[in-house]
Amino acid sequence: MLTLGIETSCDETSVALLRDENELLSHLVLSQLEHERYGGVVPELASRAHQQALLPMIERSLAETGLSPANIDLIGVTVGPGLIGALLVGICTAKSLALALGRPLVGVNHVEAHLMANMLLPNPPEPPFVALLVSGGHTLLVEVDDWGEYLILGRSRDDAVGESFDKVAKMLELGYPGGPVIEKAAEDGNPSAFPFPRPMMRDDSLDMSFSGLKTAVLYETRDLAERGGLEQAIPDLAASFQAAVADVLVNKSIRACERSGARCLVVAGGVARNTLLRNRLDATGSREDIRVIVPPMELCTDNAAMVARTAIHYYRQGRRDGLDVGAFATGALDWPVAK
Amino acid sequence: MDMQDHRTTRKWRFTLGGPEQTRELAHRMAAPLRSGGTIAFYGGLGSGKTTFIQALAGELGCRVPVTSPTYTIINRYDCGRIPIVHVDCYRIRHEDELWEIGLAEMFEPGVLVCIEWAEHSGGILPRRRLDIRLESVGRDRRKMEITALGGLWPGLDTLLEKISEDQ
């Protein structure tokens, strides 16, 4: 059983060939670096770049593994949430292939795929566990009671974590994407130099908020620019911002585990790349006897392996999507997870 | 009923003390919004655009959290008194991109379109609209300038007059 996975929901074009449930034969991810110049994902550019890259990537994947299109048994494609124009490129390609090859098609929810990526690990977490999904577009705490059965415990009420990294990096003129540049700038900084707020951290709910933190960094940056000394303060600003984010995420994640009784926490999304967050989660996890899993980066960030894995999971349960399947922009786990 | 033709322009200026007062003003302004229309927001990071729209949507009966559309560009909420389309042009660099992603089709009658970073939206905005300019002028101090371009929601002008008198 060979599954072709296709992911084009945001700025990464990705293609994967998965044999049966767990044998990843080929996995290609093309990060569209031209976005860097524009300080973020430009939707129209993203669509064009997906459109140029996708079919050559599928051809390369097949060539690498010595397979031909006729060997594909199932096609899985991300249908949302994401940028509509970008999603449509993947969906149209998937539908055309499904029609031309006479193979079934399964539409995949991108957020669920981030959770199911963990099924590809050699030692996968066993539900129930808690997942923290932190990326440019998502900030979610999800209780995974079983594969396909989710309960959203908390989410950001305003900005996504990755977005706040990007916006703070822009304020500090550090470049894009915000995560790595802030982490680098923070290396020589003092994380306690600026006592930035930890919004909603002591709040009862597991929801989060990052907009007020962004504004606090803005005020401090502006004051420093007026007084002089902004340049020298950048490492401290970056370190203090990062520390505030890590505090909130660690605190809420551990409380999510306590509340749901889970002994395992899985971190997914691009922000999982942040070293401070990982170290803090590891330390707190070992103190609280909670197993913390951060999958390898290629499974953490947007990728097609997770899409293929999700597609085969649902295919085995009998799901097939028609050629009329459409794209959707928003709604974390609402579709097609109908439980 | 204050029905001006589309060439009439009125302006109001307010000073707000921070997020709480931004929300309060949005709550008050929700009352006359009984039909669709366009509100364009201008102003930098942290000036209160999203805060205003969240409060407005909440007051219009939207019960799901209104989150930043920076990544998705366009979010639509069908849960309140009127459908709300929340747009963020932060990442838009060319007006063409807005046509490509279908923003023009969002200006349907009966839909309230709220556009953040309208500076980047070029000529796609309808001529008849409300412009809200927000500026953060110090810690917890914001300046707001509201411009009504053309006849908009009945009762809105009167309400804004009243709010500016109260200040």
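The values are calculated or read from the model by the stated rules, or taken from the named source; none is laboratory data. Worth saying up front: this structure is predicted, and the values here are computed from it rather than measured. Please note: Cβ atoms are built from the backbone with ideal geometry, for glycine as well, and neighbour counts cover all protein chains shown.
So A:Ala46 clears everything in (1) touching a residue at least 60 places away in the same chain (Cβ under 8 Å); (2) buried (at least 19 other Cβ atoms within 10 Å of the Cβ) except one condition, right? Which one?
Failed condition: (1).
Across region A:131-159, what is the total count of residues that are buried (at least 24 other Cβ atoms within 10 Å of the Cβ), in contact with a Ser or Thr (Cβ under 6 Å, 6 or more places away or on another chain) and either more than 14 Å from chain B (Cβ to nearest Cβ) or closer than 15 Å to A:Thr301 by Cα (or both)?
2
Could you tell me how many of the residues in region A:145-172 are of a type in the set (A, V, I, L, M, F, W, C) and part of a helix (DSSP H, G or I)?
The number of residues fulfilling the criteria is 5.
Among the residues of region A:236-250, which ones are crowded, with 19+ Cβ neighbours inside 10 Å and touching a residue at least 40 places away in the same chain (Cβ under 8 Å)?
Selection gives A:Asp236, A:Leu237, A:Ala238, A:Ala239, A:Ser240, A:Phe241, A:Gln242, A:Ala243, A:Ala244, A:Val245, A:Val248, A:Leu249.
Only one of these conditions is not met by A:Gly175: (1) within 24 Å of B:Thr72 (Cα to Cα); (2) modelled with pLDDT of 95 or more; (3) not in a strand (DSSP E or B). Which number is it?
Just one mismatch for A:Gly175, condition (2).
Checking the structure you have, find out if any residue of region B:27-44 is within 14 Å of chain A (Cβ to nearest Cβ) and either hydrophobic (A, V, I, L, M, F, W, C) or outside any strand (DSSP E or B) (or both).
yes
State whether the residues of region A:203-219 include one that is surrounded by fewer than 23 Cβ atoms within 10 Å (Cβ to Cβ), within 19 Å of the chain's Cα centre (by Cα), assigned by TED's automatic domain parsing to the domain that holds A:Ser240 and not in a loop (DSSP other than H, G, I, E, B).
So far as region A:203-219 goes, no, none of its residues is surrounded by fewer than 23 Cβ atoms within 10 Å (Cβ to Cβ), within 19 Å of the chain's Cα centre (by Cα), assigned by TED's automatic domain parsing to the domain that holds A:Ser240 and not in a loop (DSSP other than H, G, I, E, B).
Just for region A:178-188: of the residues that are buried (at least 23 other Cβ atoms within 10 Å of the Cβ) and at pLDDT below 95, which one is farthest from A:Glu220 (Cα to Cα)?
A:Gly179
Could you list, in sequence order, the residues of region B:67-89 that are surrounded by 22 or more Cβ atoms within 10 Å (Cβ to Cβ), assigned to a loop (DSSP other than H, G, I, E, B) and more than 7 Å from chain A (Cβ to nearest Cβ)?
B:Pro69, B:Cys89, listed by residue number.
Filter region B:90-107 for residues that are free of Cβ contacts under 8 Å to residues at least 60 places away in the same chain and in a loop (DSSP other than H, G, I, E, B); which is surrounded by the most Cβ atoms within 10 Å (Cβ to Cβ)?
Looking at the filtered set, the residue picked out is B:Ile92.
When you scan region A:62-76, do you find a residue that is within 25 Å of B:Leu98 (Cβ to Cβ) and at pLDDT 90 or above, even just one?
Checked region A:62-76: no residue is within 25 Å of B:Leu98 (Cβ to Cβ) and at pLDDT 90 or above.
For region B:108-138: of the residues being without any contact (Cβ under 8 Å) to a residue 40 or more places away in the chain and assigned to a loop (DSSP other than H, G, I, E, B), which is nearest to the other protein chains (Cβ to nearest Cβ)?
Among residues in region B:108-138 that are without any contact (Cβ under 8 Å) to a residue 40 or more places away in the chain and assigned to a loop (DSSP other than H, G, I, E, B), the one nearest to the other protein chains (Cβ to nearest Cβ) is B:Gly138.
Give just the number: which of (1) among the hydrophobic types (A, V, I, L, M, F, W, C); (2) within 14 Å of chain B (Cβ to nearest Cβ); (3) not in a strand (DSSP E or B) does A:Cys92 not satisfy?
Exception for A:Cys92: condition (2).
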